[in-house]
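**Student:** To start, I am sharing the structure in question, which I have written as structure tokens.
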Amino acid sequence: MVILGIDTSCDDSCVAILGIKNSGFKILSNIVSSQTKLHAKYGGVYPFLAKREHQKNLPIVLKRALKKAKLSLKKIDLIGVTVGPGLEPCLWQGINFAQKLAQKFKKPLFAANHIEAHILVNLKSQISNLKSLFPAVCLVVSGGHTVLFLMEEIGKYKFIGETRDDAAGECLDKVARLLDLGYPGGPVIEKLAKEKLEIRKDGIKLPRPMINQKNYDFSFAGLKTAVLYDFRSRPEKKRKSKEYKIEMAKEVQQAVIDVLEIKTFRAAKEFGAKAIFLGGGVAANEKLREIFSKRAEKEKLKIFIPEKIFCTDNGVMIAVTTYFRQKEATRDWQKTEAKADLEI
Ligand code: KG4
Ligand code: ZN
């Protein structure tokens, strides 16, 4: 069986081809055409520009994916495309493209949920014996989402909590913009935070919003505001200094990780989880990966974190999800529609 996965939910045009045999999955190709540089000057994603780029890029990306996999479209058995959540104009580009392909080659089409896919990509290395992993607590942390949910089995999810305002990645992106570090913010903040700096007693101290509240919700807008207040309270020379930027990067990264760690592991305990699954761009952060892995080991929980390239948006996550939910694929192609606010 061969599956084609397409994602255009944000600013990356992604196409992947996945081969499946009894023994497991084989990634035949995984092409991501990033628009990061294009959006960098806006400090965030500009939806209509992204839509235009997807339209231009998708045929090229598909061609590259087929060439890499050494396959023709006729050999594809099943197509999966993200229908939400995401930026509506962008989602429609992927959906229209997938519909045309599915109709032309008479293949079933699956409507994938982007959040579920960020988690299920962890199973690309494990196709069977999944029962021992459930229930699992899942945390998706990206530029658009910060959501915690329980996976009782594939397709059966219980919402636990989410951010009430900004997503964790969005907070890092905004802080990076304030400090004039560029976009996307997460990777630059991570790089700066690795630099050596003597910690002073009167160093920057940011809050850990909602960390002690019993619910599983998050608030990262408050953290961003705290950064802004600290920034404004410093003389211009100080706030433009490399030293200040390093100190802020270390503290804001740690504040985000602390809240995510406490709430995820508390949820794992309360819901009797056997495993923790992470996904989304922020899960590419090395400090976060290290802290979560150590804690999971200590608490005897299995932990799944995708390799960095599978944390950010990609087509493999859509193809893997399509495999696990193939029964829901349809030949009623035109019924597949964008659902910008789709929930888990
Ligand atoms: O999953 P993703 O590619 O797109 C969305 O669905 O949003 O996530 C992008 C987000 C951005 O906010 C970016 O700053 C953040 O993930 N990010 C990181 C790292 N790499 C990307 N955050 C922290 N550390 C990183 N290494
Ligand atoms: Zn994403």
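**Student:** Under 9 Å by Cβ, and 6 or more places apart or on different chains, what pairs join a residue from the range 272-287 that is open to solvent by 10 Å² or more (accessible area, probe 1.4 Å) with one that is in a strand (DSSP E or B) and of a type in the set (Ser, Thr, Tyr)?
**Tutor:** Partner pairs satisfying both residue conditions: Val282/Thr146.
**Student:** Could you tell me which residue of the range 1-35 is nearest to Tyr183 (Cα to Cα), considering only residues that are among the polar types (S, T, N, Q) and open to solvent by 10 Å² or more (accessible area, probe 1.4 Å)?
**Tutor:** So the residue we want is Ser34.
**Student:** To continue, here is another question. Select from the range 214-252 the residues that are loosely packed, with under 12 Cβ neighbours inside 10 Å and not acidic (Asp, Glu) and list them in ascending order.
**Tutor:** Correct list: Lys214, Asn215, Tyr229, Arg232, Ser233, Pro235, Lys237, Lys238, Lys242.
**Student:** Lys100 versus (1) assigned to a strand (DSSP E or B); (2) away from ligand 1 (no atom under 16 Å from the Cβ): which is the lone unmet condition?
**Tutor:** So the condition that Lys100 fails would be (1).
**Student:** Continuing with the same structure: Looking at the structure I just gave you, is Ala102 within 16 Å of ligand 2 (Cβ to nearest atom) and buried (at least 19 other Cβ atoms within 10 Å of the Cβ)?
**Tutor:** no
**Student:** Turning to a different aspect of this structure: Residue by residue through the range 114-170, note down the ones that are open to solvent by 40 Å² or more (accessible area, probe 1.4 Å) and within 16 Å of ligand 1 (Cβ to nearest atom).
**Tutor:** Gly143, Gly144, His145, Glu162, Asp165, Glu170 - these are the residues of the range 114-170 that are open to solvent by 40 Å² or more (accessible area, probe 1.4 Å) and within 16 Å of ligand 1 (Cβ to nearest atom).
**Student:** Right, another one. Does Ile189 qualify as being over 16 Å from the mean Cα position of the chain (by Cα), farther than 26 Å from Leu228 by Cβ, away from ligand 2 (no atom under 15 Å from the Cβ) and open to solvent by less than 50 Å² (accessible area, probe 1.4 Å)?
**Tutor:** Answer is no for this residue.
**Student:** May I pose another question? Tell me which residues, restricted to the range 296-331, are away from ligand 2 (no atom under 16 Å from the Cβ) and open to solvent by 60 Å² or more (accessible area, probe 1.4 Å).
**Tutor:** Glu297, Lys298, Glu299, Lys300, Lys302, Gln326, Lys327, Glu328, Arg331
A quick yes/no check of all residues on (1) of a type in the set (Lys, Arg); (2) in a strand (DSSP E or B); (3) within 16 Å of ligand 2 (Cβ to nearest atom); (4) touching a strand residue (DSSP E or B) at 6+ places or on another chain (Cβ under 8 Å):
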{"residue": "Asn122", "(1), (2), (3), (4)": "no, no, yes, yes"}
{"residue": "Ser128", "(1), (2), (3), (4)": "no, no, no, no"}
{"residue": "Val137", "(1), (2), (3), (4)": "no, yes, no, yes"}
{"residue": "Val140", "(1), (2), (3), (4)": "no, yes, yes, yes"}
{"residue": "Phe149", "(1), (2), (3), (4)": "no, yes, yes, yes"}
{"residue": "Lys158", "(1), (2), (3), (4)": "yes, yes, no, yes"}
{"residue": "Gly169", "(1), (2), (3), (4)": "no, no, yes, yes"}
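**Student:** With the checklist (1) more than 16 Å from ligand 2 (Cβ to nearest atom); (2) buried (at least 21 other Cβ atoms within 10 Å of the Cβ); (3) closer than 21 Å to Gly222 by Cα in hand, flag the one item Leu181 doesn't pass.
**Tutor:** Going through (1) more than 16 Å from ligand 2 (Cβ to nearest atom); (2) buried (at least 21 other Cβ atoms within 10 Å of the Cβ); (3) closer than 21 Å to Gly222 by Cα one by one, Leu181 breaks only (2).
The values are calculated or read from the model by the stated rules, or taken from the named source; none is laboratory data. Being a predicted model, the structure only gives us computed values, none of them experimental. Cβ: placed from backbone, ideal geometry, glycine included. Neighbour counts: every protein chain shown. When the accessible area is computed, the model is the full protein with side chains, heavy atoms only, and any ligands, DNA or RNA have been set aside. Shrake-Rupley method; radii C 1.70, N 1.55, O 1.52, S 1.80 Å.
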